[in-house]
Amino acid sequence: LMDAHTSRERIIKNCIAQTSSVVKTLREEREKAQDNVALLKQLRKEQTKLKLMQSELNVEEVVNDRSWKVLS
């Protein structure tokens, strides 16, 4: 059980890191091209995805706690 939790957390954090990198790149591009609507939409989409992944870490923590309670 511990290995599964650790693995899931590592994978989620990896996804967060990758998405954060994409958001950073899009922000830099957005600063250069202020009037690019397509770029703004892509940035908002990636920011939303990043927020969802970050909230998934909180969900994962609740699942971990409940799993250990049931196990013990």
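The values are calculated or read from the model by the stated rules, or taken from the named source; none is laboratory data. No experiment lies behind these values; they were computed from the predicted model shown. As a convention, Cβ positions derive from the backbone with ideal geometry for all residues, glycine included, and neighbour counts pool all protein chains shown. Note: accessible area is taken over every heavy atom of the protein model, side chains too, but ligands, DNA and RNA are not part of it. Shrake-Rupley method; radii C 1.70, N 1.55, O 1.52, S 1.80 Å.
Mind pulling the angle between the C-alpha long axis of helix 2-32 and the longest principal axis of the chain? Nearest 10 degrees, somewhere in 0 to 90.
Helix 2-32 and the main axis of the chain meet at about 10 degrees.
I'm spelling it out carefully: the read-out is Cα extents along the principal axes in Å, the candidates are (i) 57, 15, 12; (ii) 49, 28, 23; (iii) 43, 26, 18, and one was derived from this structure. Which label?
This structure yields the entry labelled (i).
Roughly speaking, what is the stretch gain from GLN54 to TRP68, that is 0.36 nm per residue apart minus the C-alpha to C-alpha distance, in nm to one decimal?
Numbers: separation 14, 0.36 × 14 = 5.04 nm, distance 2.20 nm.
The GLN54-TRP68 span can extend by a further 2.8 nm.
Quick check: pseudo-label points 7 Å beyond the Cα along Cα→Cβ at SER7 and LYS45, how many nm apart are they?
Taking the simple label geometry, SER7 and LYS45 are separated by 3.1 nm.
Taking the chain as a Gaussian network, where each spring joins two C-alpha atoms under 10 Å apart, which residue of GLN18, GLN47, GLN34 fluctuates the most?
GLN34
Within the chain, what whole-number % of the accessible surface is contributed by carbon and sulfur, with the 1.4 Å probe and all protein chains included in the calculation?
55
Heavy-atom accessible area per residue, the chain, 1.4 Å probe: how many Å²?
Working: 5660 Å² over 72 residues.
Heavy-atom SASA per residue in the chain reads 79 Å².
Across the range 29-72, how many lysine pairs, 8 or more positions apart or on different chains, have C-alpha atoms separated by under 27 Å? Please give the number. Write out the running numbers ahead of the final one.
On the way: LYS32/LYS41; LYS32/LYS45; LYS32/LYS49; LYS32/LYS51; LYS41/LYS49; LYS41/LYS51.
Taking the Cα cut-off of 27 Å, the pair count is 6.
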